[in-house]
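Enquirer: Dropping the structure in here first, questions after.
The values are calculated or read from the model by the stated rules, or taken from the named source; none is laboratory data. Here the structure is a predicted model, which means the values were calculated and not measured. Because the Cβ atoms are built from the backbone with ideal geometry, glycine has one as well, and the counts that use them run over all protein chains shown. When the accessible area is computed, the model is the full protein with side chains, heavy atoms only, and any ligands, DNA or RNA have been set aside. Shrake-Rupley method; radii C 1.70, N 1.55, O 1.52, S 1.80 Å.
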Amino acid sequence: MRRIRLRRSPVAPLLVLAWTGAAAVLWLWWRGTPAVAATTADRLTNAGRITGLLAGYVIALVIAQMARVPTLERRVGSDRVVRWHARSGRYALTLTLAHVVLILYGYALQANTGIVAQTVSVVTGYPRMIEAAVGTVLLFFVGFVSAGAVRRRMRYELWYYLHLLTYGAVYLAFWHQLATGSEFVGNTTARAAWYALYLTVGALLLWYRLLTPVRLNLRHRMRVDSVVQEAPGVVSLLIRGRRLHRLGAEAGQFFRWRFLTKGLRWSTNPYSLSAPPRPDLLRITVKAVGGHSAALAGLRPGTRVWAEGPYGAMTAGRRSRGKVLLLAAGAGITPLRALFETLPGAPGDLTLLYRARTAEELALRDELEAIADARGAQLLYAVNKPDGRRTPITAKMLRRILPDIARHDVYLCGPPGLAEESYAALREAGVPHRRIHHESFEF
């Protein structure tokens, strides 16, 4: 227990900071709004102003959430940040739509014209509104292709590159806020604060999405060293480079990998480290579940590798108890195998439960058994019965193998269906939510 150093999550301070910013935006609007709106047109226009200000603020947060800032990626968790990004994006689109409708309708009432005529007048007659109109259309297009029903029908790479249009949309829409927003016209302090907000977000994006990966790959110069068959449809890639210990990677983390060869150079995928990082060598273990992962088995030694990371919060820093259960299925064994070797613990403290359909699909089995023998850890398998019937993970099963399961930390990694089933079983077995550590790649 002396070696356990629980890392406090920064979620609460970040949420306080975000809500403080939203309160500042509301104050800015309130300060420039008459106490009583005289007409319906005034009320609509004022509502359009506040929704526009909030949309601009939330869009800045949306961009910041995808800048891959290490504090977020390694302390909060990439999957959680992505969920924040998706939720914030929906809020931003809703606020933007409300802003457009309310402002145009309010202006139309003031001018006693139709909504179409007023829209043409605003777009063509107000400063920077043509750019704003184009940016708004792009923003809604990105929102459309990001909707679940649409996105599931698209290749990830196509969706990813279309998603980059967000940056162009934000740039085009930004300028009309300062040129036409009554909160900024003549208010130097408000303009400076708005510039500072967007310049800070832009700097984070430039530094962590562009310059940091370039620096990492120029410094470490990674290449595929060898490809090893581990199980049917499962391969390990040994990746060699220079001074890899300076990456600061930990067991349980992942990188986003791009392999600079035909058919793979334009796509990146997240794969976890399946062994503790060494000064000259990293290892990932990949199960073929799609075109990208299946193609890795054919990589040749010497292939250049472009990596971004390390990312992920499912590390030893999440642990708060002496005893730990690692619950894995499928490709989820990769980060948990690395944690199984490196988590501090006395004999009997660690248990790994590995779910697979058949014994042949138990990847890295020899390594796991060697680690269990060396550390005095418990290694258990849950495979289908000879007749093919599935062995479910239930609260009763968990209590049988670990009577004190409620006093364990649990690291959970596997396909979404198993993760949901296992989470429910763990909660029923008495494990608190805060001690179930899970990170998903379903981005």
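Enquirer: Need one number: nm distance between label points at R223 and V101, each 7 Å from Cα along Cα→Cβ, rounded to one decimal.
Expert: Taking the two extended label points, one gets 5.9 nm.
Enquirer: Would you please put 63-73, 298-308, 318-328 in order of how densely packed they are, using the mean number of other Cβ atoms within 10 angstrom per residue and starting with the highest?
Expert: Ranking the peptides 63-73, 298-308, 318-328 by packing returns 318-328, 63-73, 298-308.
Enquirer: Name the residue farthest towards the positive end of the dipole of region 392-436 from the options A425, I393, A406, assuming +1 on Cβ of Lys and Arg, -1 on Cβ of Asp and Glu, about the Cα centre.
Expert: A406
Enquirer: Distance between Cα centroids, region 293-316 to region 236-263: provide it in whole Å.
Expert: Their Cα centres are 5 Å away from one another.
Enquirer: Shifting gears a bit: For the peptides 45-52, 159-166, what is the packing order when you average, over each peptide's residues, the other Cβ atoms within 10 Å and list the highest mean first?
Expert: So the peptides 45-52, 159-166, ranked by packing, come out 45-52, 159-166.
Enquirer: Name the shape class, rounded, prolate or oblate, that the alpha-carbon gyration tensor gives for region 338-422, where a ≥ b ≥ c are the square roots of its eigenvalues, rounded holds for a/c under 1.5, and otherwise prolate holds if a/b is larger than b/c and oblate otherwise.
Expert: The shape class here is oblate.
Enquirer: Here's another thing I want to ask about it. Could you state the accessible area per residue of the chain in Å², with a 1.4 Å probe and every protein chain left in place?
Expert: 50 Å²
Enquirer: Rank-order 95-106, 20-31, 379-390 by packing density, defined as the average count of other C-beta atoms within 10 Å over each peptide's residues, highest first.
Expert: 95-106, 20-31, 379-390
Enquirer: Please give me the summed charge of the neighbours of H437: other residues whose Cβ is under 10 Å from its Cβ, Lys and Arg +1, Asp and Glu -1.
Expert: Local charge sum for H437: +2.
Enquirer: Give the relative contact order (percent, whole number) for region 98-212; include only Cα pairs under 8 Å separated by 6+ residues.
Expert: It comes to 22 percent, rounded to a whole number.
Enquirer: Hey, another quick one. Given the whole protein assembly as supplied and a 1.4 Å probe, what does the accessible area of S88 come to in Å², nearest 10?
Expert: About 20 Å², rounded to the nearest 10.
Enquirer: State to the nearest 20 debye the size of the charge dipole of region 277-399 about its Cα centre, where the only charges are +1 on K and R beta carbons and -1 on D and E beta carbons.
Expert: So the magnitude is around 480 debye.
Enquirer: I would also like to ask the following. Residues with beta-carbon under 15 Å from that of L53, excluding L53: net charge, scoring Lys, Arg +1 and Asp, Glu -1?
Expert: Around L53, the charge tally is +2.
Enquirer: Counting only protein chains, not ligands or nucleic acids, how are M222, M397 ordered by accessible area (probe 1.4 Å), most first?
Expert: M397, M222
Enquirer: Of the candidates R365, R80, R152, which one comes out as most mobile in a Gaussian network treatment of the chain with C-alpha springs shorter than 10 Å?
Expert: Taking springs between Cα atoms under 10 Å, the residue moving most is R152.
Enquirer: Taking θ as phi - 60°, what are the ³J(HN,Hα) couplings along region 339-349 by the Karplus curve (6.51, -1.76, 1.60), each to the nearest whole Hz, with x for Gly and Pro?
Expert: Those phi angles translate into 5, 4, 7, 10, 4, x, x, 7, x, x, 7 Hz.
Enquirer: Could you tell me what percent of the accessible area of the chain is made up of carbon and sulfur, with a 1.4 Å probe and every protein chain present?
Expert: Roughly 61 percent, rounded to a whole number.
Enquirer: Once you have a ≥ b ≥ c as the square roots of the Cα gyration tensor eigenvalues for region 124-211, tell me rounded if a/c is under 1.5, and otherwise prolate or oblate according to whether a/b is larger than b/c.
Expert: Taking the square roots of the gyration eigenvalues as a ≥ b ≥ c, region 124-211 is oblate.
Enquirer: Calculate how steeply helix 11-31 sits against the longest principal axis of the alpha-carbon atoms of the chain, using the helix alpha-carbon long axis, and give the answer as 0 to 90 degrees to the nearest 10.
Expert: 0 degrees
Enquirer: Could you state the number of Å between the C-alpha centres of region 49-98 and region 154-215?
Expert: With region 154-215 and region 49-98 each reduced to a Cα centre, they are spaced 12 Å.
Enquirer: For region 297-391, rounded, prolate or oblate, judged on the Cα gyration tensor with a ≥ b ≥ c (square roots of eigenvalues), a/c < 1.5 rounded, else prolate if a/b > b/c?
Expert: oblate
Enquirer: Could I ask something else about it? Specify the angular offset, from 0 to 90 degrees and rounded to the nearest 10, of the alpha carbon long axis of helix 188-205 from the longest principal axis of the alpha carbons in the chain.
Expert: Taking Cα atoms only, the helix is inclined about 30 degrees.
Enquirer: Give me the net charge for the shell around I103: Cβ to Cβ below 15 angstrom, other residues only, Lys and Arg +1, Asp and Glu -1.
Expert: So the surrounding residues net to +1.
Enquirer: Further, regarding this structure: Compute the long axis of helix 115-125 from its Cα atoms, compare it with the longest principal axis of the Cα atoms of the chain, and write down the angle in degrees, 0 to 90, nearest 10.
Expert: Result, in degrees: 90.
Enquirer: Moving on to the next point. Leaving ligands, DNA and RNA out of it, rank S440, S9 by accessible area with a 1.4 Å probe, largest first.
Expert: Per-residue accessible area, sorted high to low, gives S9, S440.
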